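To keep things clear, I will list the structure first and then write my remarks on it.
Nothing in this text is a laboratory measurement; each read-out follows from the coordinates by a stated rule. The model shown is predicted, which means the values in this text are computed figures rather than measured ones. Please note: Cβ atoms are built from the backbone with ideal geometry, for glycine as well, and neighbour counts cover all protein chains shown.
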Amino acid sequence: MAFPESFRASPNRAEQPTHERRGVVIHHTVMPYEQTIAYMLDPVSRVSYHAVIAKNGERCTLVPDEQIAWHAGVSSFQGRPHCNAFLLGLAFEGDTYRAPLTAAQIDSALEWIARRWVQYGWSPDSIIDHRQVAPGRKDDLNPVEWLRFQAAMNGWAAALP
Ligand SMILES: [Zn+2]
């Protein structure tokens, strides 16, 4: 499968230092897909994800992997602060407290991750959600939906050759 993908260059990025690409922070947008993209393209927002995934699985890439997107804010992963420097930002359209992720969203995210998995040396432990890197400050994803996504990812990773 290959979900449609578009490219829109967000100004909300840092070209230096080069992004370390150690893993991914998963978000949900709350806002609808097109509105999210417009927000990321607005230099006033100073917010961006590397990519956002619509409910139908379509993706929009906003910042190249090599550059830093501004998605995690004050955050820490495995004891290291400033996740934006070393974790890519991938967001699902919607609010996972109001509606579950769609099957297309999960499949599209796994496709996006699969394209990077070997090159960047990722494992299931490399993928985390915003709630867990900014505890008490951010609530995405809904823990139930995080566990659902994580189970799908673990199943996919276990089937890799
Ligand atoms: Zn978030």
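Given the criteria surrounded by fewer than 16 Cβ atoms within 10 Å (Cβ to Cβ), in contact (Cβ under 8 Å) with a residue 24 or more places away in the chain, more than 15 Å from the ligand (Cβ to nearest atom) and under 27 Å from residue 107 (Cβ atoms), does residue 17 qualify? No; evaluated as a whole, the condition is false for this residue. Right, residue 62: in contact (Cβ under 8 Å) with a residue 60 or more places away in the chain, under 24 Å from residue 2 (Cα atoms) and either within 16 Å of the ligand (Cβ to nearest atom) or out of contact with any strand residue (DSSP E or B) (no Cβ under 8 Å at 6 or more places or on another chain) (or both) or not? So residue 62 does not fit the description; no.
Screening residue 114 with (1) surrounded by fewer than 16 Cβ atoms within 10 Å (Cβ to Cβ); (2) more than 20 Å from residue 20 (Cα to Cα); (3) among the hydrophobic types (A, V, I, L, M, F, W, C) gives one miss only, at (2).
The residue that is surrounded by the most Cβ atoms within 10 Å (Cβ to Cβ), among those in the stretch 20-47 that are touching a residue at least 24 places away in the same chain (Cβ under 8 Å), in a helix (DSSP H, G or I) and within 14 Å of the ligand (Cβ to nearest atom), is 40.
Every residue, every condition in (1) free of Cβ contacts under 8 Å to residues at least 24 places away in the same chain; (2) within 12 Å of the ligand (Cβ to nearest atom); (3) of a type in the set (Ser, Thr, Tyr); (4) crowded, with 19+ Cβ neighbours inside 10 Å, yes or no:
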{"residue": "101", "(1), (2), (3), (4)": "no, no, no, yes"}
{"residue": "107", "(1), (2), (3), (4)": "no, no, no, no"}
{"residue": "120", "(1), (2), (3), (4)": "no, no, yes, no"}
{"residue": "123", "(1), (2), (3), (4)": "no, no, yes, no"}
{"residue": "128", "(1), (2), (3), (4)": "no, yes, no, yes"}
{"residue": "138", "(1), (2), (3), (4)": "no, yes, no, no"}
{"residue": "145", "(1), (2), (3), (4)": "no, no, no, yes"}
